[in-house]
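Visitor: Here it is, the structure in full.
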Amino acid sequence: MLEFEVPLSMKEYINNKRVRSAVDDLVGKLDGDDMIECDWSEAREYNQALLFAAQVRTDFVEMFYRVWEATFGVNNASRLGDGFFDYSNSSPSDVWEHKCIEIDYYRDKNKKNEGRSDCLILMLVDEEICLHVYRFLDNDSMVSLGAAADVEGWVVEQEGRGDILANSRVKMTDFIADPDQVIRRFSDDAKRIIEALLKD
């Protein structure tokens, strides 16, 4: 049994629009030098609000890492090739801002813009969590995913540069309510897509 525990801060963030709005506003101020105009007691309350916003951001990023590992990771995605995690674009603020984690697996050569790479992504889109997969050639152009495009539970979505595959999205409120069920399904989806990618 998975027993994936969603942090309390994430439950409050996802389930309460007022909390979400306040946190989204405050996270943008975490790294800033400007203090709001306020008196002493308001300054302390503001600091506590910033602390909560920082906790939500930290919990969100950690939860995303854990979900990626529980889906693509447990299904030995490393069999696809040399993995490359672009840490330069994956700071907590980047993961928070873009709401995604991506690891690219270089099938033919390496990360120096040569060969084919399969990109495995966990992302949040319109308050729904999902997995995405796409393939690049020479880090320049998206190319067909071949037989992987026909894998059960995955659909082709059009993107500006080409096709991506996505599994069925799940509302974050449903994920929060039963994360184990969602992770089991996502893990099964990840297993099927990785097996199909390995055949191509």
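Visitor: Tell me, what is the FRET efficiency for Arg20 and Lys199 to the nearest 0.05, using R0 = 35 angstrom and their Cβ-Cβ distance as r? Intermediate values should be presented prior to the final figure.
Guide: Working: r = 42 Å, r/R0 = 1.19.
So the FRET efficiency works out to roughly 0.25.
Visitor: Could you tell me which of the pairs Lys11/Lys191; Lys11/Lys99; Lys29/Lys171 are separated by over 20 angstrom between their Cα atoms in the structure shown?
Guide: On the way: Lys11/Lys191 28 Å; Lys11/Lys99 16 Å; Lys29/Lys171 27 Å.
Lys11/Lys191; Lys29/Lys171, as the Cα separations exceed 20 Å there.
Visitor: For every helix of n ≥ 4 consecutive DSSP H residues, a contribution of -39,500 (n - 2.57) applies; sum these over the chain, divide by its total residues, and give [θ] at 222 nm rounded to the nearest 500 deg cm²/dmol. Please list the in-between numbers first.
Guide: Numbers: 6 runs with 84 residues, N = 200.
Taking each H run of at least 4 residues, the total per residue is -13500 deg cm²/dmol.
Visitor: When only C-alpha pairs under 8 Å and at least 6 residues apart count, what is the relative contact order of the chain, in percent? Please report the intermediate quantities before stating the final value.
Guide: Values: 287 pairs, mean separation 37.4, N = 200.
The normalised contact order for the chain reaches 19 percent.
Visitor: Give me the Debye-computed log₁₀ of I(q)/I(0) at q = 0.07, 0.13 Å⁻¹ for the chain, equal point scatterers on Cα only, no solvent, two decimals.
Guide: At q = 0.07, 0.13 Å⁻¹ the computed log10 ratios are -0.24, -0.75.
Visitor: To the nearest 0.05, what FRET efficiency results for Asp188 and Asp108 with a Förster distance of 41 Å applied to their C-beta separation? Display every interim value, and only then the final one.
Guide: Working: r = 28 Å, r/R0 = 0.68.
The computed FRET efficiency comes out at 0.90.
Visitor: Tell me the GluC sites (Glu not before Pro) within segment 91-178 that lie in a loop according to DSSP and have at most 15 other beta-carbon atoms within 10 Å.
Guide: Working: sites: Glu97, Glu102, Glu114, Glu127, Glu128, Glu152, Glu157, Glu159; in loops: Glu127, Glu152.
Here the sparse-neighbourhood loop sites are Glu127, Glu152.
No lab work stands behind these numbers, since they all come straight from the coordinates. Here the structure is a predicted model, which is why all the values come from computation and not from measurement. Here the Cβ is made from the backbone with ideal geometry for all residues, glycine too, and neighbour counts use every protein chain on show.
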